[in-house]
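Read-outs throughout are calculated quantities, based only on the coordinates presented, and are distinct from any laboratory measurement. Because the structure is a prediction, the values reported are computed rather than measured. We place every Cβ from the backbone using ideal geometry, glycine too, and count neighbours over all the protein chains shown.
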Amino acid sequence: MPRLDLVPIFLPGRQEMLDCLSETLKLQLGFEVRQHRPDFDARTSFDTNRGQYNSTTLLRMLLEDLPAETDYVLGVCGVDLFIPVLTYVFGEAQLSGPAAVISIHRLDPLVYGLPADDTLLCSRLVKEAIHELGHCLGLVHCHEPACVMRASTYVEDIDLKPTGFCHECTRLNEADTCRISP
Ligand SMILES: [Zn+2]
Ligand SMILES: [Zn+2]
């Protein structure tokens, strides 16, 4: 069973949500999931001009921090992420590599001036986690509306897609060691 490490980064007060994510990823991806604190100083990924955190820098730090027995690592951030060519990203992953990072910042209804809704936030978090881990498993963006690998520009796009992979993405992943529920 592949091992996935969840690493909370600037994520205070969200242990319950992290535990919920762990359980869902165990069930849906068949991974063994563990959590550990980062051994690096994530503050160095902060860009003072943009007031955001560089997701590529965080990916590199997660990789450098990767325990030998870990197959995949997912950083779960409470802060806003960017890559230089985009205003923001919900997450970033290595294609067919071990590391991915996601942010809950723009998944939170509070950021859009809406009432807090932890059920909705958790549902979005699970979809983004599975999407980025899909990239780690070698999957690229999918045009199928009923597929978690569909690209999301806005948070509403995330709400429209399911947590699962479509038939084709499931088939493409079948050669891999991990089991995916369609
Ligand atoms: Zn993607
Ligand atoms: Zn698909």
**Report entry** HN-Hα J in Hz across the range 88-93 - Karplus 6.51, -1.76, 1.60, θ = phi - 60°, x for Gly and Pro
**Finding:** 7, 9, 6, x, 8, 9
Requested in this report: Would you compute, from DSSP H runs of 4+ residues alone, the mean residue ellipticity of the chain at 222 nm, taking -39500 (n - 2.57) per run and dividing by the full residue count, rounded to the nearest 500?
Outcome: -9500 deg cm²/dmol
Requested in this report: Would you list the membrane-span-like helices of the chain, meaning whole DSSP H runs whose alpha-carbon atoms span at least 20 Å along their axis and whose mean Kyte-Doolittle value is at least 0.0?
Outcome: 15-29, 118-136
Requested in this report: Report the GluC sites (Glu not before Pro) located in the range 65-139 that are in a DSSP loop and have at most 14 other Cβ atoms inside 10 Å of their Cβ, or state none.
Outcome: 69
Query - Rounded to 5, percent antiparallel among DSSP beta bridges of the range 1-97 - result: 20 percent
Query raised in the report: Which residues' amide hydrogens lie under 5 Å from the amide hydrogen of residue 89, considering only partners 5 or more residues apart or on another chain, with H built in the peptide plane?
Result: 81, 82, 83
Query raised in the report: Can you give the Rg to Rh ratio for the range 51-182, taking only C-alpha atoms and Rh from Kirkwood?
Result: 0.96
Requested in this report: Would you please put 101-109, 133-141 in order of how densely packed they are, using the mean number of other Cβ atoms within 10 angstrom per residue and starting with the highest?
Outcome: 101-109, 133-141
Query raised in the report: On alpha-carbon atoms, Rg over Rh for the range 16-62 using Kirkwood Rh?
Result: 1.11
Query raised in the report: What is the distance, in nm, between label points placed 7 Å from the Cα along the Cα-to-Cβ direction at residue 46 and at residue 168?
Result: 4.3 nm
